[in-house]
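Reading through the structure tokens given below for one structure.
The values are calculated or read from the model by the stated rules, or taken from the named source; none is laboratory data. Just so it is clear, the structure is predicted and the values come from calculations on it, not from any experiment. No Cβ is skipped: glycine too gets one built from the backbone with ideal geometry, and neighbour counts run over all protein chains shown.
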Amino acid sequence: MSTSSVIISDEQAPVGNGPILAVKGLGVEFNVDNEWVMAAEDVSYEIHPGEILAIVGESGSGKSMSSMALLGLLPRNGRSSGSAKMLGKELIGASQSTLRRVRGNDIAMIFQEPMTALNPVLTVGEQIREAVEQHTELSPAQAKKRAIELLRMVEIPEAERRYDSFPHQFSGGQRQRAMIAIALANDPMLLIADEPTTALDVTVQAEVLDLMRKLNKRLNSAVLLITHDMGVVADLADHVVVMERGRIVEAAPTAQLFAAPAEAYTKQLLGAVPHLGSKVGGVLSDVEVVDGHASIHEEYAEAALRAQATHTASGVVPALELTDVDIEYPGRFRQPAFKAVSGVSLTINPGEVLGLVGESGSGKSTIARAVTGLIKTSGGKVRIGGTDITDLSARQLLPLRKKFAIVFQDPAASLNPRLSIGESIGEPLLLHEKPGRAELDKRVAALLEDVQLPVAFRNRYPHELSGGQRQRVGIARALSLRPDLLVADEPTSALDVSVQAKVLELLQDLQRERGFACLFVSHDLAVVELLASHIAVLNKGILVEQGSTEQILKYPRDPYTRRLLAAAPVPDPAHQALRREQRSALIAAGAVD
Amino acid sequence: MTRNDSPRDDSRASVELSEMTLQSQDTDIATATPTREQTDRIRTTEAKSQGRLIRERFFRHKGALAGIALLALIFLLAFTSIGFAGIPGWWNKDYDVLADRFNEGRPTLTLWPFSLGEHPFGQDVLGRDYFALTMRGTQTSLIIAFIVGLVAMVIGTTVGAIAGYFRGWTEAFLMRITDVVITIPTVVIAAAVAGIVAKHGIIPFALFLGAVTWTGLARLVRGEFLSLREKEFVESAKSVGASSARIIFRHILPNTVGVIIVSTTLAISSAILLETALSYLGLGVTAPDTSLGKAINDNRSALTVRPWLFLWPGAFIIGIALAVNFIGDGLRDAFDPKQTRVKQ
């Protein structure tokens, strides 16, 4: 670490206490069909050295576009107005050559998707070195040395060796670290981070956020953080600017904003964020240990056994039962088969909601697809309503398909763009019940009403709907055959928080009303807590822990579950600071593998 | 007055109410504000069939309508003037009758005052009526072009769809066949089958051309299928138990209509040119029968002396190709629900 402090010179640190960036009355407009449409209006804020300012808003709020305008990176049909002064230098309306000098030198950017932002045919080291060489007069050898120092600074292990690695050899978190290294190559005074952790898993996100906090303190540069995630804001930011529909709604220090939001929109936004531990009352509680035994765990185990016994006694057939399920993706050209899921067993009783939680690559979506018969299992049994579906032919499976349905993650991709909403919803009905035209129209209308969409939407096409409306259509389609089991594969992760809150509410209401069992797959523990009565945690294809929601959230036993719970940011700065300490204690205690 | 007005106000209020519910569903500003057209559509709550929507969109496309009108005009002119398959037309001369040349064979067509005269398009070097000849050529070219387009579309789409959807050995087998067809030069096969063609007329000739020109379409359709079969809406159809045929025809194929139509219209245009080339080599349409391409080729040395021998068939080739491309454009837009508001 000592080496890195040498290369960070203080020459560029701003003199005096003036703001690094002062934005005043910034406006962004787009020319759509010869009409200027406002994307942002009258945006004003200041960022001081060493400060982290977060701009928060939902999609369409203009948070990204107002920041792109600073660097002159608007799309061709955009224009900006107002003023943005970087250390007294005006950026709005500046010439391309001036802006080019500013970009990368004074202001650097980190993007959301580290895989696409890095060039796949160049090594990571070369890309960092290139960024160094662009703006300095260092010799190639010196630039390489500097690049390795930067890699070390962003805490990439074995920096010398990893210098020659290609982006695909890095993990998602490491790629984002490499992006940060590129951004820091020339000691920028301002770092614009556009959703820097949105594409990352929670545990990785926590590490990247830690790194950003550390670097910000050490380099004394300012960070403009653009995000939709209130948890990330609470974790990192000093000041918050809330934007809605292109305008600033509220600007306040983080603690003040979370403690006492002044505007209705801010309150609504904060209210919509699911708060981990709000239902069960806290997470990661201390466990009382008596004689080397945690009594609470035994209580839960007993309760689970009792519940199972009553179910068996009353002859309840589980809606879904997995026994030692293995799923493999076949290998190709001498590559060995990839085992995505191994030995997973779980049970969902009728009317129960089980949350299946895991990070990307844990195999949770694979299980969802196996349950709905989309991929074959290579071992074990999948029973739906008591019938084993693993060895059934397509023809034998057909009548069973009425009993389960799936809601997909991406509402844009899960609806056929060439079919109207009504046709999409009616498709399962047509296949299974073959109703007459009038009957079909009536059923579709009823389903649209159930998901609180106007009946007239049946003539619309998916592209005419917003994300939340599309997901409602996806739910209506899934419920059209009144299934006993609904598989929801991350149904809200592509949606804005306030939309997510409404869709989750709808899902809860429908579940209560119709009483179907639900396998709810998600990476977001807070969302799962809202819906699920039971939680199963999946890590690298293996089920590490399962139990009631309260048990898993409050008294987790598995180290992976604990790590996952500790990493999820909470939209409350004071609480989040506490959790951060908890997390570092966890890491220090060696509970993290 | 006021009493009469009130019910209308009520209905307007209810429309606004339904819009309000629309807006309060989500806070997504991009789509929550309905345009006037959307508001119109909100009023109609009965389900519309896919076919009706496509027809509505097609007939709103001005270019396509102009294309349809032009093509219909050419069709009518070509088939009613000199007649077809033994049915006599309204034009009194045959394309294969030699006559004395009148005024060096110049066109007698005058627009003002309008009169057709004896030989509106003039006469060729042998004294044949060039109007009748051009009409005969148009008939032949239209028949060939459309049969080729149809055959290429059917074979290309089927091969591409099956290969792209089923993957595995099916794909390997079909695509290797496609490769083989691509590698064999069209002229070589044409030379080999020329005898059969000469004996049986233009329809087998057109079928043959179609059977060697579907490869490009097959590759394009396969590519589209490869990406579409991975989409979640296809998985969704699979999860409710839709059969492979239903997934191919109802869920994937409509999404590839744009590609299919564009390349079919291109195939139709290029079929006219391919027929020209083969006829020139003596492998296609043979005298005394004619096609537009053959007419141009026969008279290619007459460009400076008797330009009308060149211009009339040329104008018809351009007219047909343009009309077909405009119609294709309109069809592609009509099948694409996203295009509704752009083209009026």
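Odds and ends about this structure:
- Qualifying residue in the range A:269-276 (condition: at pLDDT 70 or above, of a type in the set (G, A, S) and within 12 Å of A:D572 (Cα to Cα)): yes
- Of all residues in the range A:210-250, those that are in contact with a helix residue (DSSP H, G or I) (Cβ under 6 Å, 6 or more places away or on another chain), within 14 Å of chain B (Cβ to nearest Cβ) and not in a loop (DSSP other than H, G, I, E, B) total 4.
Here's the yes/no breakdown for (1) assigned to a helix (DSSP H, G or I); (2) at the interface with chain B (Cβ under 7 Å from one of its Cβ atoms); (3) closer than 18 Å to B:A242 by Cα:
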{"position": "A:G380", "(1), (2), (3)": "no, no, no"}
{"position": "A:P399", "(1), (2), (3)": "yes, no, yes"}
{"position": "A:I406", "(1), (2), (3)": "no, yes, yes"}
{"position": "A:G426", "(1), (2), (3)": "yes, no, yes"}
{"position": "A:D441", "(1), (2), (3)": "yes, yes, no"}
{"position": "A:A445", "(1), (2), (3)": "yes, no, no"}
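- The single condition from (1) touching a residue at least 24 places away in the same chain (Cβ under 8 Å); (2) among the aliphatic types (A, V, I, L, M); (3) in a loop (DSSP other than H, G, I, E, B) that B:V305 fails is (1).
- Lone unmet requirement of (1) in a helix (DSSP H, G or I); (2) in the same structural domain as A:R101 (by TED's automatic domain parsing); (3) free of Cβ contacts under 8 Å to residues at least 60 places away in the same chain for A:A206: (3)
The rows are residues; the columns are (1) of a type outside the set (S, T, Y); (2) farther than 20 Å from B:A78 by Cβ; (3) over 17 Å from the mean Cα position of the chain (by Cα).
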site: B:G258; (1), (2), (3): yes, yes, no
site: B:I272; (1), (2), (3): yes, no, no
site: B:A277; (1), (2), (3): yes, yes, yes
site: B:I296; (1), (2), (3): yes, no, yes
site: B:T304; (1), (2), (3): no, yes, yes
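- Residues that are surrounded by fewer than 24 Cβ atoms within 10 Å (Cβ to Cβ) and assigned to a loop (DSSP other than H, G, I, E, B) within the range A:336-362 comprise A:P336, A:A337, A:N349, A:P350, A:G351, A:E352, A:E359, A:S360, A:G361, listed in sequence order.
- Among the residues of the range B:202-256, those that are surrounded by fewer than 18 Cβ atoms within 10 Å (Cβ to Cβ) and in contact (Cβ under 8 Å) with a residue 40 or more places away in the chain comprise B:I203, B:L207, B:A211, B:G216, B:G223, B:L226, B:S244.
- A search for C-beta distances below 8 Å between a residue of the range A:422-448 that is of a type in the set (A, V, I, L, M, F, W, C) and any residue that is assigned to a helix (DSSP H, G or I) and surrounded by fewer than 19 Cβ atoms within 10 Å (Cβ to Cβ), counting only pairs 6+ apart in sequence or on different chains, returns A:L429/A:R443; A:L431/B:R246; A:L440/A:L430.
- When residues of the range A:75-87 are limited to those that are over 17 Å from A:D42 (Cα atoms) and touching a residue at least 24 places away in the same chain (Cβ under 8 Å), the one surrounded by the fewest Cβ atoms within 10 Å (Cβ to Cβ): A:P75
- Qualifying residue in the range A:509-518 (condition: in contact (Cβ under 8 Å) with a residue 24 or more places away in the chain and within 11 Å of another protein chain (Cβ to nearest Cβ)): no
- Residue satisfying all of: in the range A:449-478; surrounded by fewer than 22 Cβ atoms within 10 Å (Cβ to Cβ) and more than 10 Å from chain B (Cβ to nearest Cβ); nearest to A:F408 (Cα to Cα) among these: A:D450
- Scan the range B:228-271 for residues that are away from every other protein chain (no Cβ under 11 Å) and assigned to a helix (DSSP H, G or I) and the total you get is 16.
- Among residues of the range A:383-397, those that are in contact with a Leu (Cβ under 9 Å, 6 or more places away or on another chain) and within 14 Å of another protein chain (Cβ to nearest Cβ), counted: 3
- Residue pairs meeting the criteria (Cβ under 6 Å; at least 6 apart or on separate chains; first within 14 Å of another protein chain (Cβ to nearest Cβ) and in contact (Cβ under 8 Å) with a residue 24 or more places away in the chain, in the range A:36-60; second among the small types (G, A, S) and not in a strand (DSSP E or B)): A:M38/A:G246; A:A39/A:G62; A:A39/A:G246; A:A40/A:G62; A:A40/A:S66; A:A40/A:G246; A:E41/A:G246; A:G60/B:A30
- Among the residues of this structure, A:G246 counts as one that is in contact with a Gly (Cβ under 6 Å, 6 or more places away or on another chain) and of a type outside the set (A, V, I, L, M).
- Checked against the criteria, A:R482 counts as within 14 Å of chain B (Cβ to nearest Cβ), of a type in the set (D, E, K, R) and touching a residue at least 12 places away in the same chain (Cβ under 8 Å).
- Screening the range B:264-321 for residues that are among the charged types (D, E, K, R) and closer than 27 Å to B:V193 by Cα and picking the one that is surrounded by the fewest Cβ atoms within 10 Å (Cβ to Cβ) gives B:R300.
- Taking the range A:479-593 as the region of interest, none of the helices (runs of 4 or more DSSP H) fully inside it holds 3 or more residues being in contact with a Pro (Cβ under 6 Å, 6 or more places away or on another chain), under 20 Å from A:L276 (Cβ atoms) and at pLDDT 90 or above.
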